[in-house]
Amino acid sequence: MTLRNMDSDKKNTEKKFTLIVEPLLSGHHKTYLINIVKALQESGRNLLVVIPEELVELNIDGVCVCKYSFDVFDGAGGLLNLIRREVNMWLALRKIYRKFSGERNITDVFIPYLDYFLYAVAIFGSPFNGAKFSGITMRPAFHYNRSGVRAPYRKIDMLKEFLFGKLIKSKEVKCIYTIDGLLLDYVESNFHVIPGKIRYLPDPVEYNFNAVSVTKKNELLTLTVFGAIDERKGILELADSLRYLNGSIRLVLAGIIKPEVKSMLDSILKGVKNIQIHELNRWIGDDEINEIFDNTDIVWLGYRDHFTMSGVLIQAGVRGKYVIGCRSGLIGWYVEKYKMGAVLELKPQEIAAVLNELIVNGVEHSGYDAQIFETHNWQNFKSIILNDGGE
């Protein structure tokens, strides 16, 4: 028997591991990672989790956590920078797999956020040397225009669709999870793929169905803008619309406000009367999210040039909250399809007209069936990954 065969036999008898790699844990990425780890643990997997060096410990019992120095994110926009980031991530993942597969018997890989290298892996193949891999994708938009979503169709979308088709048919892909049900429908209708290679994974939020009272006429309405607050949130147009209101409203800004936006907001709102403004200019933790959304009447989603899914939309949806949303993208598609509220262009007087009507008539929280979002919870999220997590 050769030394190579002896090494192979030894690996066959070693404990088998699933490798999970998450290089960026800002925002809610850490919450996703923890729930993925817990689901795969319940499936009986031995897990090796690779995270950034600067991150604090995950503190999950029974999980082997290793740290790695990732240097692949520069935040710059543009197609060339996107290509460079994807290629750099592909190279980093190949290096990680080679390093840790030499130390442990890694049988498969799970990437919580496939969009780091989605198209690079379609071009260059798997960086995992033949090991099966799964992961979650949140960003593809090439199918929107032909799925009834108001979104531009760009020449690059044709290439992205081709590359996604190549990826989904790869023998190394075990399962691609998508938070966009329209992508699942589009792939199943237009690509010839093995059933189960793409699965719908409803974008989860932490919530409970507490009884929420309906705001009556003449009561002060609360309008909430949630998340990182910059110009893309449509916040300046919203602020400008408040000058045209015929009554009072409470405006809650829950999230970090960019300094330049804060300055412009202060200038716009300086002369606006009858508006109560509450600024929570900081990162909002999970413990506060329920309180904020449970106590709001209207959720602002009038975003500019936002076409993909929105976690804020789900937070509003599970509670049956009234949504004022942009007409384009998945936000507009959901709000119109499920009659969640109003969709509009970002014109101050149009926004004011919607708000004035709500001030007069009040808001019916149960104006649509919140149960359409009942699967958008962490228990269901973990259940789907758990059921797919066997060998």
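The values are calculated or read from the model by the stated rules, or taken from the named source; none is laboratory data. Since the structure is predicted, the reported quantities are computational estimates derived from the model, not experimental observations. FYI the Cβ positions are ideal-geometry reconstructions off the backbone, even for glycines, and counts take in every protein chain you see.
Some points to look at:
- Here residue 142 meets the list (1) at pLDDT below 95; (2) assigned to a loop (DSSP other than H, G, I, E, B); (3) not small (Gly, Ala, Ser) almost entirely, failing just condition (1).
Residues are listed down the side, and each one gets a yes or a no for (1) closer than 24 Å to residue 312 by Cα; (2) of a type in the set (D, E, K, R); (3) in contact with a helix residue (DSSP H, G or I) (Cβ under 9 Å, 6 or more places away or on another chain):
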| site | (1), (2), (3) |
| --- | --- |
| 103 | no, yes, no |
| 138 | yes, no, yes |
| 145 | yes, no, yes |
| 151 | yes, no, yes |
| 159 | no, no, yes |
| 162 | no, no, yes |
| 167 | no, no, yes |
| 178 | yes, no, yes |
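- Note on the stretch 146-188: residues that are out of contact with any Leu (no Cβ under 9 Å at 6 or more places or on another chain), hydrophobic (A, V, I, L, M, F, W, C) and outside any strand (DSSP E or B) amount to 7.
- Test: residue 290 is farther than 22 Å from residue 332 by Cα and over 20 Å from the mean Cα position of the chain (by Cα): no
- Counted residues, the stretch 94-119 - those being under 26 Å from the mean Cα position of the chain (by Cα) and not aliphatic (A, V, I, L, M): 10
- Residue in the stretch 350-360 that is over 16 Å from residue 246 (Cα atoms), under 28 Å from the mean Cα position of the chain (by Cα) and among the aliphatic types (A, V, I, L, M) present: no
- Sub-6 Å Cβ pairs linking a first residue in the stretch 178-194 that is farther than 20 Å from residue 385 by Cβ to a second residue that is of a type in the set (Phe, Trp, Tyr), at least 6 apart or interchain, number zero.
- Here residue 277 passes the criteria (1) surrounded by 12 or more Cβ atoms within 10 Å (Cβ to Cβ); (2) part of a helix (DSSP H, G or I) except the one numbered (2).
- Taking first residues from the stretch 245-258 that are free of Cβ contacts under 8 Å to residues at least 40 places away in the same chain and within 17 Å of residue 362 (Cβ to Cβ) and partners that are surrounded by fewer than 18 Cβ atoms within 10 Å (Cβ to Cβ) and of a type in the set (A, V, I, L, M, F, W, C), the Cβ contacts under 7 Å between residues at least 6 apart in sequence or on separate chains come to 250/220.
- Some residue of the stretch 236-250 being part of a strand (DSSP E or B) and under 30 Å from residue 350 (Cα atoms): yes
- Residue selection: residue 284 satisfies the criterion of being hydrophobic (A, V, I, L, M, F, W, C) and either modelled with pLDDT under 90 or surrounded by fewer than 17 Cβ atoms within 10 Å (Cβ to Cβ) (or both).
- In this structure, residue 206 does not qualify as over 26 Å from residue 311 (Cα atoms), surrounded by fewer than 16 Cβ atoms within 10 Å (Cβ to Cβ) and either in contact (Cβ under 8 Å) with a residue 12 or more places away in the chain or over 19 Å from the mean Cα position of the chain (by Cα) (or both).
- Qualifying positions in the stretch 296-339 - in a helix (DSSP H, G or I) and under 16 Å from residue 230 (Cα atoms): 312
- Taking each residue of the stretch 13-31 that is in a helix (DSSP H, G or I) and looking for partners that are among the acidic types (Asp, Glu) and surrounded by 14 or more Cβ atoms within 10 Å (Cβ to Cβ) with beta-carbon atoms closer than 7 Å, six or more apart or interchain, yields 29/22.
- From 352, 370, residue being in contact with a helix residue (DSSP H, G or I) (Cβ under 6 Å, 6 or more places away or on another chain) and either surrounded by fewer than 22 Cβ atoms within 10 Å (Cβ to Cβ) or on the phi > 0 side of the Ramachandran plot (or both): 352
- Which numbered condition residue 343 misses (of (1) modelled with pLDDT of 95 or more; (2) part of a helix (DSSP H, G or I); (3) touching an Asp or Glu at 6+ places or on another chain (Cβ under 9 Å)): (2)
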